[in-house]
Amino acid sequence: MYRWDYDDPARQHFATLSLAGQAELAAFMNAAVLIDPIEYQRHPGEPADPPALLRTLHFGQHHEGLVTFLVYPPDDLVLVVRLQWLGE
């Protein structure tokens, strides 16, 4: 199973999010690493070969957030490199 973490700029941005935004991101990332972060929420017709190791996906109850993460299989690591939150 993968684990997830933040790079330093994303960690700083996470600290500025509301508690709701933090909870939404944590729930999303926990689900992504539990399933398979390379395949998580892949759209039909989205090219799978080669698999994209840098993914950008919406998160939040109403898709208020956007997270970009890097999947690094040798270390079973998913690194959040950028996030945006439009919610309150």
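Key figures
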| quantity | calculated |
| --- | --- |
| Considering residues of region 36-54 that are open to solvent by 100 Å² or more (accessible area, probe 1.4 Å) and over 16 Å from D5 (Cα atoms) only, the residue modelled with the highest pLDDT | P44 |
| So A27, is it touching a Leu at 6+ places or on another chain (Cβ under 9 Å) and small (G, A, S) | no |
| Test: residue in region 22-33 that is acidic (D, E) and either assigned to a loop (DSSP other than H, G, I, E, B) or surrounded by fewer than 15 Cβ atoms within 10 Å (Cβ to Cβ) (or both) | no |
| Residue check, H58 open to solvent by 70 Å² or more (accessible area, probe 1.4 Å), without any contact (Cβ under 8 Å) to a residue 40 or more places away in the chain and either of a type in the set (V, I, T) or not in a loop (DSSP other than H, G, I, E, B) (or both) | yes |
| Residues satisfying the stated conditions in region 1-21, i.e. open to solvent by less than 80 Å² (accessible area, probe 1.4 Å) and free of Cβ contacts under 8 Å to residues at least 60 places away in the same chain | A15 |
| Filtered residue count, region 72-88, keeping only those that are within 17 Å of A52 (Cβ to Cβ), open to solvent by 90 Å² or more (accessible area, probe 1.4 Å) and not in a helix (DSSP H, G or I) | 2 |
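The values are calculated or read from the model by the stated rules, or taken from the named source; none is laboratory data. All values derive from a computational prediction rather than experimental measurement. FYI the Cβ positions are ideal-geometry reconstructions off the backbone, even for glycines, and counts take in every protein chain you see. Side chains are part of the model used for accessible areas, which takes the heavy atoms of the whole protein and leaves out ligands, DNA and RNA. Shrake-Rupley method; radii C 1.70, N 1.55, O 1.52, S 1.80 Å.
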